[in-house]
């Protein structure tokens, strides 16, 4: 056999050996990619049986703890906001209440300004769980005026359980003021606020 023929034979043998090795590798990969029952190839990362939670250990992910902390902080913030609301309203009322009470003394009937006053309920989350109502006062006259308003909180029978007086001073013509009346009773009492007297002076 010539040198060329021997070289050809050697190259051919090497090619056959390479093809055989590649075939063996493909066969091995095929065996790894399918189950023993001859079904479709598996995905490798999937689970055919769901995990058993009882076998879990350790602490929950930090995201859960962070969410719980956020909820707690939000609740504390809401409580603080309610307390702040009541404190600021009480401070305002203290400045005007004495003069409002004095203005209502001797007033006959419902006074001269009931038509200028309406009431709006305050959400319990804002008032700190205490029943409260915004006393909306609109000066319907053409001159600056002050107002004194008596608001009674009545039960289902119509009986006045709490009586409050609020005031607003120097309300310009056509302008409004919004003092707040507190029943200072729990929401379970279910009281209804009613404007009893309103005096413009």
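Could you say whether any residue in region 114-126 is in contact with a helix residue (DSSP H, G or I) (Cβ under 7 Å, 6 or more places away or on another chain) and without any contact (Cβ under 8 Å) to a residue 60 or more places away in the chain? Yes; the residues of region 114-126 include at least one that is in contact with a helix residue (DSSP H, G or I) (Cβ under 7 Å, 6 or more places away or on another chain) and without any contact (Cβ under 8 Å) to a residue 60 or more places away in the chain.
Among the strands (runs of 3 or more DSSP E) confined to region 98-159, the ones with at least 2 residues that are at pLDDT 95 or above and surrounded by fewer than 14 Cβ atoms within 10 Å (Cβ to Cβ) are located at 117-121.
The values are calculated or read from the model by the stated rules, or taken from the named source; none is laboratory data. Values in this document were obtained by computation on a predicted structure and should not be read as measured data. Ideal geometry is used to build each Cβ from the backbone, glycine not excepted, and the neighbour counts take in all protein chains shown.
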